[in-house]
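The values are calculated or read from the model by the stated rules, or taken from the named source; none is laboratory data. Because the structure is predicted, anything quoted here is derived from the model rather than measured. Cβ: placed from backbone, ideal geometry, glycine included. Neighbour counts: every protein chain shown.
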Amino acid sequence: MTTAERINDVRTLTQEQQKWLLAIGIVTDRMARLTKEDSDLMLGFFQDLNAAESDEDRNAALEAMFELLEGKPVGVRKLDLERETNDEGGKLQAWKEWVSAKIREVRNQKGLTQEQLAEKTGLPQSHLSRIENAKHSPSRVTLEKIADALGVPVKLFDPTCED
């Protein structure tokens with residue numbers, strides 16, 4: 001079958017079917033371009049999605065998958081929870097508390113509620129709440145979304161980030 005014949009076959013589909021076919025083609029192409037490391041991460045996210053027990057967990061897995069497919073640089077490393085939770089200075093918790101306070105401070109300065117910030121970022125309000133309460137460590141991509149929505153450089157929330 002020629003390409004022209006295939007395109008004509010696609011044109012006979014409903015608009016909804018055409019959209020799905022296009023989306024599948026794009027995702028297939030992007031997945032084929034993933035590095036081995038990113039492919040392994042994607043597999044882990046699929047497993048997380050399958051094991052998710054709440055909408056919040058499903059959304060987090062899907063968001064991570066979208067970030068990989070968008071090709072944004074994502075820094076991922078295994079977290080040694082034993083070492084990180086038992087570190088003498090509580091560095092991880094201190095960082096989460098500092099970032100959470102800074103995000104809350106800027107959000108309040110801008111006169112936004114968590115719901116309004118959630119709408120601007122595309123993140124669930126419950127996710128923002130966990131970040132602002134230092135219960136969740138935000139990813140670089142999440143910090144970028146929050147910074148963009150608030151109109152500030154990401155470096156304001158994490159001085160280790162380079163703009």
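Looking only at segment 152-162, decide whether some residue is at pLDDT 85 or above and touching a Ser or Thr at 6+ places or on another chain (Cβ under 7 Å).
Taking every residue of segment 152-162 in turn, none turns out to be at pLDDT 85 or above and touching a Ser or Thr at 6+ places or on another chain (Cβ under 7 Å).
From the set of residues in segment 151-163 that are part of a loop (DSSP other than H, G, I, E, B) and hydrophobic (A, V, I, L, M, F, W, C), which is surrounded by the most Cβ atoms within 10 Å (Cβ to Cβ)? Walk me through how you get there before you give the answer.
Step one: list which residues in segment 151-163 are part of a loop (DSSP other than H, G, I, E, B), which gives 151-153, 157-163.
Still in the running and hydrophobic (A, V, I, L, M, F, W, C): 152, 157, 161.
Numbers: Val152: 16, Phe157: 22, Cys161: 14.
By that ranking, first place goes to Phe157.
Checking the condition assigned to a helix (DSSP H, G or I), free of Cβ contacts under 8 Å to residues at least 12 places away in the same chain and not polar (S, T, N, Q), which residue from Glu119, Glu97 passes?
Values: Glu97 fails: free of Cβ contacts under 8 Å to residues at least 12 places away in the same chain.
After ruling out the rest, the residue left standing is Glu119.
Scan segment 147-163 residue by residue and report those that are of a type outside the set (Asp, Glu) and farther than 15 Å from Trp95 by Cβ. Break it down into steps so the answer makes sense when it comes.
Taking segment 147-163 first, the residues of a type outside the set (Asp, Glu) are 147, 149-157, 159-161.
Passing the criteria: Ala147, Ala149, Leu150, Gly151, Val152, Pro153.
Scan segment 138-150 and tell me whether some residue there is surrounded by fewer than 16 Cβ atoms within 10 Å (Cβ to Cβ) and part of a loop (DSSP other than H, G, I, E, B).
Initially, segment 138-150 is screened for residues surrounded by fewer than 16 Cβ atoms within 10 Å (Cβ to Cβ), giving 148.
Among the residues that remain, those that are also part of a loop (DSSP other than H, G, I, E, B) are: none.
Checked against the condition, which is being surrounded by fewer than 16 Cβ atoms within 10 Å (Cβ to Cβ) and part of a loop (DSSP other than H, G, I, E, B), segment 138-150 yields no hits at all.
Mind listing whichever residues of segment 103-130 are buried (at least 18 other Cβ atoms within 10 Å of the Cβ) and under 17 Å from Pro159 (Cβ atoms)?
Ile103, Val106
Just give me the residues in segment 38-64 being surrounded by fewer than 15 Cβ atoms within 10 Å (Cβ to Cβ), at pLDDT below 80 and under 18 Å from Val141 (Cβ atoms), in sequence order.
Within segment 38-64, Glu56, Asp57 qualify.
Of the residues that sit in segment 1-38 and are farther than 24 Å from Glu70 by Cβ, among the hydroxyl-bearing types (Ser, Thr, Tyr) and in a loop (DSSP other than H, G, I, E, B), which one is nearest to the chain's Cα centre (by Cα)?
My answer is Thr14.
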